[in-house]
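**Q** The structure's right below; bear with me while I get my questions together.
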C-alpha cells in the first residue's frame, strides 16, 4: 500500500519511516512461489557444469559475472537470483563493487521484484549503504514502470537507512505518477522532496507539468508551473554546477507533453515568445518543436515553426527539414513537400535518398511528371559518382511504373545513354517490366535481345528478365512463345527458372484456358525439384476449379497440397471459392470443418467467403452459424463480415435451401442472431443449439481422400489420424443437423 503523509512534521515522518522494516517491505511483495534449483533434483546444464555454485566453491568475480549474465540472457533470471542468494548469504567474500556489478547484471533481466527481494534478504550481509545510489536509481526506474507503489516505498526506505535519494531518484518516481496522470500524488511527492532538502531541477519541474497536463482540470496549475520552469532554467543557466543537457531534456519533455495532449497552440506561443530565453539554444528548441510535431503527424504545424524561424533569420537543420518533407510525402501532400524542397536551396538542403524516393513516387501518383523530373535533376546534380546516378535513375524509373508510362521510361533510358550513364540490370528490368505491364511485350523483347547481343555492356539477362517476358507473353495470349522461352531459351543462356517463373507460367496458362499445358508445366516443376509455395498451389487450385475439374482439385489437395504442409489462407480461399462457384456449398463447409478438425485455423477471409455465399443464397441459419464458429475459433469478425451480414436482411427473394425439408425456422434463426450479438459484448459464445457445438475443436487429423459418389459423402476416412476420444467431428455433426 502506498504510504502518504498528511502532515510533514519531521517527527511523524521519522516514526513512520522506521516502521518500514525489511520484513514488512518484503512481505508486501506479490511474488510467485519460489522454485528451488538444486543440482541433485534437476538436470545439469552446460552452465551448471561450467559454474558449479556450492559451499566449497567460490568463483572469482569475472566468472561469477559471466555466470549471472549467461543465466539472465537465457531467460533464467529467477534461477540467477536464487543461486546468487544462496552464494552471497553464506559469505561476505565479495566486495561492494562486485556486489553492485552483480545487481546491475540482474537488473538487465527486467525482473525488478526479484532483485528487490534479493537485496532485502541480503541486507544482513550487504546493507543498503553498500549499494551505490546509481544502482538503486536503476531499480527504482524499473519498479516505477510496473510497480509504482513498491518504487515509492523503496524511496522512503532509502530516505530512512541510506543511501539518501537524490534529485534523480525523486524524478524517476515523479515520472511514474505523471505517466498514470496522478497529479495529486505527484504534487505531494514534489512537496516532500522540498521538505527533505532535495532540490528539484528543471527536468523534475517539467515532469510535474506533465502530470498536470494529463488531467485537463489542472491546466491553470500547469501554466503556473511553466512560468516557474522558465525561472528555474534561467537560474540553472547562471549556475555552473548543472549541465546544459538537463535543461535540454526538460525543454524536450515539456514540448513532447504539449504535443501529446494536442496543445499545439501552446507550442506556437513558446515558439513566438521563447520564454526560456538563452537557457536553451534556439536551434535546439526549434528542432525539438519540429520533431515533436512530426511525431504526432502535425507536419503542416511543423511548417509553421519553419516560418517562425525564418522571421528570426534562423535556418532549420537538415534533419528537421527532411522530417517534414518525408512526412508530407507519406501523408499525401507532395505539392507542399515539393515547395519546401525548392525553398531548401536557400540553406543548401540536400535531399536524402529515402525521402527522394518517397517524393518522386508521390509526384508520380499525382501524375506530375515534370516536377518529378525536376527532383531527379536536383539529385543528379549532387551525385558524386556514376553508380549513384544510376541508382537515382532506377528510383525514378520505378516511380514511373505507377502511372504506367512506358514511353517516358524509354526516354529516361535514352537520356542516360546520352549523358554516358551506363544502365545496370535493374534499370533494364524495370523498363522491361513497364513495357510488359502496358502490353507492349514486343518492345520488351527487343530490349532483351539487345541485352543478349551485348548492346548493353555487363548487362546479361537474368531469371527476373525472362520471368517478366514470359508473363508478358502469356498476358498477351502468346502461349507458344512463352513456353518456348521457358523450355529452350532459359537453358540456352544458363539461366535456371525458379519458383516465381513457374508460378507466372502456370497462372498465365490457366488464364488462357490451357489446362493441360499448365498441368504439364507443374509436372516438370516437380521433376526438376523446383520448390512449390502456397502461390503455386493457389494458382493450381483456382485453375482446376475454373476448368470445372472439381474431382481433380480434391485429389490435388489430398495427394499434393496437404502432405506438403505448405498451405495457408490463400490456398483455403481458392478451394472455398471454387466450391461456392460450383454451387457446392455443402462441400465447401465440409472442407472448412475438416480443416478445423485437423487443428488448422482458417482466417477471417475464409469464413467471409462462406458467409458471403450463404447471404447471397438467403441461407440465414448457415450464415450465422459460420459467424458463431468464427468467434469460437478465436477470430473477430471484421467490417467485411458485418457488411455481408447486413445484406442478408435485405434479401427477400431467395428461399432457404439448407435442408431437404423446410428448416428456415424464424425462431431458431433469431436465436442464432441473438447469440451472436451477445457474443460481441461478452466475448464468448452461448449457443442454445448445443449439439452444433459438440466436437467442433476435435483434435483429429485427416490426410486421406474423401471417398463416395455423392457430392457429400456419408462418412469420412480418418484412418491415418484417428481420435482417441469418442467425440463426433464437426463435419459429421453439421451434415446430420443440416440434413446434408
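**Q** Can you tell me the order of 569-576, 341-348, 447-454 when each peptide is scored by its average per-residue count of other Cβ atoms within 10 angstrom, highest first?
**A** Packing order, densest peptide first, comes out as 569-576, 447-454, 341-348.
**Q** Which of the peptides 492-499, 516-523 is most tightly packed, and how do the rest follow, going by the mean number of other Cβ atoms within 10 Å of each residue?
**A** 516-523, 492-499
**Q** Determine the shape class of segment 254-320: with a ≥ b ≥ c the square roots of the Cα gyration tensor eigenvalues, call it rounded for a/c under 1.5, and otherwise prolate if a/b is greater than b/c, oblate otherwise.
**A** Oblate shape, in that a/c is at least 1.5 and b/c is the bigger or equal ratio.
**Q** Express in % the proportion of alpha carbon pairs of segment 445-485 at distances exceeding 13 Å.
**A** 53 percent
**Q** Ordered by packing density, taken as the mean number of other Cβ atoms within 10 Å over each peptide's residues, highest first, how do 172-178, 477-483 rank?
**A** 172-178, 477-483
**Q** Give me the one-decimal nm value for the distance between modelled label points at residue 601 and residue 640, 7 Å along each residue's Cα-to-Cβ direction.
**A** The answer from the label model is 1.9 nm.
**Q** Take the alpha carbon atoms of segment 216-290, find their center, do the same for segment 56-94, and report the distance between the two centers in whole angstrom.
**A** Segment 216-290 and segment 56-94 have Cα centres separated by 45 Å.
**Q** Quick one: Cα centre-to-centre distance for segment 441-468 and segment 297-346, in angstrom?
**A** Here the two parts' Cα centres lie 42 Å apart.
**Q** Sticking with the crude label model, points 7 Å out along Cα→Cβ, report the distance from residue 417 to residue 450 in nm, one decimal please.
**A** It works out to 0.4 nm between the two label points.
Only the coordinates and a few stated rules stand behind these numbers; no lab work does. These numbers were taken from a predicted model, which means no experiment stands behind them. So basically every Cβ, Gly included, is an ideal-geometry build from the backbone, and we count neighbours across all protein chains shown.
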